[in-house]
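Colleague: Please see the structure below; I have some questions.
The values are calculated or read from the model by the stated rules, or taken from the named source; none is laboratory data. In this text the structure is predicted, and so the values were computed from the model without any measurement. Because the Cβ atoms are built from the backbone with ideal geometry, glycine has one as well, and the counts that use them run over all protein chains shown.
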Amino acid sequence: MKAAKFDGGTWGAVFVLAASLLWGTTGTAATFAPDVSPLAIGAVAMGFGGLLQAAVAARPIAAFSGELKGQGRILMLGALAVATYPLAFYSSMHLAGVAVGTVVSIGSAPLASAVVERVVDKRPFTRRWTIGAALGVTGAVLLCFADTGHLATVGGSAWSTMAGIGLGLAAGLTYALYSWAAHRLISTGIPSAASMGAVFGVGGLILMPVLAFTGAPLLASWQNFAVGAYMALVPMFAGYVLFGWGLARVRASTATTISLTETVVAAVLAVVIVGERLPAPAWLGAALVLGSLVVLTLPGRRSPATSSAEPELETTR
């Protein structure tokens, strides 16, 4: 019996999955710099990470500068979403806890992404995506609302938790928007490196004033500096390079659904390292998130009508 070969869509899922594993470490890493505000953490992580992506992709960006200018509105939409996302995301984790903030932010992104694609691109919801998203979002909801130990663990309040959830929803929407924008640029023929480098480079520039006003504590100690450097280089730079490779092979709604893995990684690290408490329903939620990945990443049969220009995981309806 021949071994199954990965198609382009499956490799795209693998790249997004790898990126999600790196992203899942960010909330826990941020707790090692408690004197640094979530705005500074977000600005240094996505700001410097984005500028580094642009620097590495300088040649393809220059080569496709005309095409990027022609897609200026989409580029700016993506860049503004890139700049907004980390500010909302890290503030959400600061107010609601690592587990809840990550789950709400990432767990809401697949629905937002699919709605954006449905409204703007007129893409129908596929059966496979619907099943995978239902499992993943259900798991994310269980993870979120089962986290009854957060208030006692971090001394929070109901108001701060609700504010954190609201910011998490904003983060999910902006995550969906920049994923869609980057995928749209890539689908026009602009290479992944140029598309991601341009979107994240401009977004990084937008974040620099925020970092200038809030980033002084990052230089107050070597530990704070190390946390900032890790956030910029590993989950943000390396993670989004992998994410860009994934977006070149799967559509944005698929990528954001697969990235629900980040919620599981964040929840486990929050329990093991940070000391947050998650009861049994939360672990059931984690299992459902992993189940959604099985649905979305197993190779499926490709119909003859499927376009080779944009390989997808969702081949059945």
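Colleague: Anything in the stretch 249-293 that is more than 24 Å from THR31 (Cα to Cα) and crowded, with 24+ Cβ neighbours inside 10 Å? List them, or say none.
Modeller: Passing the criteria: ARG249, VAL250, ARG251, ALA252, SER253, THR254, ALA255, THR256, THR257, ILE258, VAL289, SER292.
Colleague: Could I ask something else about it? Provide a single number: the residues in the stretch 18-33 that are under 12 Å from the mean Cα position of the chain (by Cα) and surrounded by 20 or more Cβ atoms within 10 Å (Cβ to Cβ).
Modeller: Number satisfying all stated conditions: 5.
Colleague: I would also like to ask the following. Go through (1) surrounded by fewer than 24 Cβ atoms within 10 Å (Cβ to Cβ); (2) within 30 Å of ALA198 (Cα to Cα); (3) modelled with pLDDT under 75 and name the single condition TRP129 misses.
Modeller: (1)
Colleague: Considering only the stretch 103-113, state which residues are surrounded by 24 or more Cβ atoms within 10 Å (Cβ to Cβ) and assigned to a helix (DSSP H, G or I). Step through it out loud before you land on a result.
Modeller: So in the stretch 103-113, the residues surrounded by 24 or more Cβ atoms within 10 Å (Cβ to Cβ) come out as 103-110, 113.
Within the stretch 103-113, VAL103, VAL104, SER105, ILE106, GLY107, ALA109, PRO110, SER113 qualify.
Colleague: Continuing with this model, one more query. Has the stretch 6-22 got any residue that is in contact (Cβ under 8 Å) with a residue 40 or more places away in the chain, in a helix (DSSP H, G or I) and more than 18 Å from PHE243 (Cα to Cα)?
Modeller: No: the stretch 6-22 contains no residue that is in contact (Cβ under 8 Å) with a residue 40 or more places away in the chain, in a helix (DSSP H, G or I) and more than 18 Å from PHE243 (Cα to Cα).
Colleague: Give the residues of the stretch 68-98 that are closer than 15 Å to ALA163 by Cα and either more than 18 Å from the chain's Cα centre (by Cα) or small (Gly, Ala, Ser) (or both), sorted by residue number.
Modeller: Scanning the stretch 68-98 gives ALA88, SER91, SER92, LEU95, ALA96, GLY97.
Residue by residue, here is whether (1) in contact (Cβ under 8 Å) with a residue 24 or more places away in the chain; (2) crowded, with 22+ Cβ neighbours inside 10 Å holds:
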{"position": "GLY50", "(1), (2)": "yes, yes"}
{"position": "VAL56", "(1), (2)": "yes, no"}
{"position": "ALA62", "(1), (2)": "no, no"}
{"position": "ALA83", "(1), (2)": "yes, yes"}
{"position": "SER91", "(1), (2)": "yes, yes"}
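Colleague: Oh, and also: Any chance the stretch 187-208 includes a residue that's touching a residue at least 40 places away in the same chain (Cβ under 8 Å) and at positive phi? Even if it seems obvious, please write down each step before you answer.
Modeller: From the stretch 187-208, those touching a residue at least 40 places away in the same chain (Cβ under 8 Å) are 187-208; that's our starting set.
In the following step, the residues that additionally are at positive phi were identified as 189.
Checked against the condition, which is being touching a residue at least 40 places away in the same chain (Cβ under 8 Å) and at positive phi, the stretch 187-208 yields at least one hit.
Colleague: Right, another one. Yes or no: the stretch 243-266 includes at least one residue that is over 16 Å from GLY107 (Cα atoms), free of Cβ contacts under 8 Å to residues at least 60 places away in the same chain and either touching a Cys at 6+ places or on another chain (Cβ under 7 Å) or hydrophobic (A, V, I, L, M, F, W, C) (or both).
Modeller: Among the residues of the stretch 243-266, not one is over 16 Å from GLY107 (Cα atoms), free of Cβ contacts under 8 Å to residues at least 60 places away in the same chain and either touching a Cys at 6+ places or on another chain (Cβ under 7 Å) or hydrophobic (A, V, I, L, M, F, W, C) (or both), which makes the answer no.
Colleague: Could I ask something else about it? Take the residues in the stretch 99-125 that are over 14 Å from the mean Cα position of the chain (by Cα) and under 19 Å from THR31 (Cα atoms), then tell me which one is modelled with the highest pLDDT.
Modeller: First, pick out the residues of the stretch 99-125 that are over 14 Å from the mean Cα position of the chain (by Cα): 99-100, 114-125.
The next check asks that each one be under 19 Å from THR31 (Cα atoms); those that pass are 99-100.
On the way: ALA99: 72, VAL100: 75.
Result: VAL100.
Colleague: Here's something else I'd like to know. How many residues, within the stretch 14-60, are over 23 Å from ALA99 (Cα atoms) and at pLDDT below 85?
Modeller: Of the residues in that region, 0 qualify.
Colleague: Out of TYR178, TYR230, I need the residue that is in a helix (DSSP H, G or I) and either surrounded by fewer than 24 Cβ atoms within 10 Å (Cβ to Cβ) or among the small types (Gly, Ala, Ser) (or both). Which one?
Modeller: Working: TYR178 fails: either surrounded by fewer than 24 Cβ atoms within 10 Å (Cβ to Cβ) or among the small types (Gly, Ala, Ser) (or both).
Going through TYR178, TYR230 in turn, just one is in a helix (DSSP H, G or I) and either surrounded by fewer than 24 Cβ atoms within 10 Å (Cβ to Cβ) or among the small types (Gly, Ala, Ser) (or both): TYR230.
Colleague: Against the definition (more than 13 Å from VAL16 (Cα to Cα) and either under 15 Å from the mean Cα position of the chain (by Cα) or part of a loop (DSSP other than H, G, I, E, B) (or both)), how does ILE190 come out, yes or no?
Modeller: Answer is yes for this residue.
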